[in-house]
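The values are calculated or read from the model by the stated rules, or taken from the named source; none is laboratory data. Predicted, not measured: the structure shown is a model, and the values here were computed from it. Positions of Cβ are generated from backbone atoms using ideal geometry, with glycine treated the same way; all protein chains shown enter the neighbour counts. Ligands, DNA and RNA are stripped out before the accessible areas are found, and what is left, the full protein with its side chains, is counted by its heavy atoms. Shrake-Rupley method; radii C 1.70, N 1.55, O 1.52, S 1.80 Å.
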Amino acid sequence: MPADRAALGEFLRSRRDGLTPAQAGIDAFPGPRRVPGLRKEELAVLAGLSADHYSRIEQGRQQTLTDDVLDALARALQLDDVERTHLRDLAAPSRRGSARTAVWEAPQRPDPGLLRLMSTLDHVPALLLGRRGDVLARNALLPAVLGHEMAPGSSLLRWLFLDPASRERIVNWSDYAAAAVGAMRYEVGRHPQDRRLTALVAELRERDADVARWWDDHGVTDRTSVPKQIAHPELGVLRFAIEALTTPHDPEQRLVVYTVEPDSDTARALPLLASWHATASVTS
């Protein structure tokens, strides 16, 4: 079975397992149940499909899927907007190709407009991320907050999952990290030809049990803004809301900004942290 069709079946099974007949608004079919959620036959009825048709889809034997069928499955499974998009990505024909892959895997150059915007945000931490969570640029305040250099060319995801310091620094690490795994799965669905991303996912799943567990849940997020709490050794807990900005001409780059509430403890602490960092840089 092609890998993309296998991924489609796994996603459908995971969503079906997570939805009970009661939640779907139907009476459970009679007989012993061997699945935690909907049976294939129950989902087929909800989506207006024959049981055989749905089985072919989930088993990867249905070559073409119409928009009507995908919409019916999305409604029956009560998918949100991100999950609906992910379903369509997995159902689309394979986009692999040597020419496109070569272009896709070429190094990214930071977007000049996003760099200029980041330069105006020196009062809050900010970084520019590219494909696969690679750091393209960051401002001076970001490493002062995170306690990690996060140099251009490094991987935010490898730091997040493979450096024990990230779990100590980020108070709500599990919330932020689970969303990052969901974003990785969403990106894999959109770009199945990205071999470096596939290799990164495999590496992280092998080396971190949390990544493996969240990946197997098949949850997806689209760069969701997740509140982030940072335990700073001198200033205590710093509280941020994370916002991501993209441009229409290069949606594969996003400017990630750590925003703060005006007049909050965190807003008052950042100028002090910036001055410490500037003094340390001059001294070194």
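Do the conditions hold for Arg56, that is, is it within 28 Å of Glu187 (Cβ to Cβ) and open to solvent by 80 Å² or more (accessible area, probe 1.4 Å)? No, not satisfied. Beta carbons closer than 7 Å, at least 6 apart along the sequence or on distinct chains, pair a first residue in the stretch 77-93 that is under 16 Å from Leu43 (Cα atoms) with a second that is open to solvent by less than 20 Å² (accessible area, probe 1.4 Å) and charged (D, E, K, R) for Leu77/Arg16. In this structure, does Val35 turn out to be surrounded by fewer than 16 Cβ atoms within 10 Å (Cβ to Cβ) and either within 29 Å of the chain's Cα centre (by Cα) or in a helix (DSSP H, G or I) (or both)? Taking the combined requirement at face value, the residue satisfies it. For Arg196, state whether it is part of a helix (DSSP H, G or I), among the basic types (Lys, Arg), at pLDDT below 95 and open to solvent by 20 Å² or more (accessible area, probe 1.4 Å). Spelling it out, Arg196 is indeed part of a helix (DSSP H, G or I), among the basic types (Lys, Arg), at pLDDT below 95 and open to solvent by 20 Å² or more (accessible area, probe 1.4 Å).
Being open to solvent by 20 Å² or more (accessible area, probe 1.4 Å) and either in contact with an Asp or Glu (Cβ under 6 Å, 6 or more places away or on another chain) or outside any strand (DSSP E or B) (or both) is the requirement here; does Ala267 meet it? Considered against the rule, which asks whether it is open to solvent by 20 Å² or more (accessible area, probe 1.4 Å) and either in contact with an Asp or Glu (Cβ under 6 Å, 6 or more places away or on another chain) or outside any strand (DSSP E or B) (or both), Ala267 comes out as yes.
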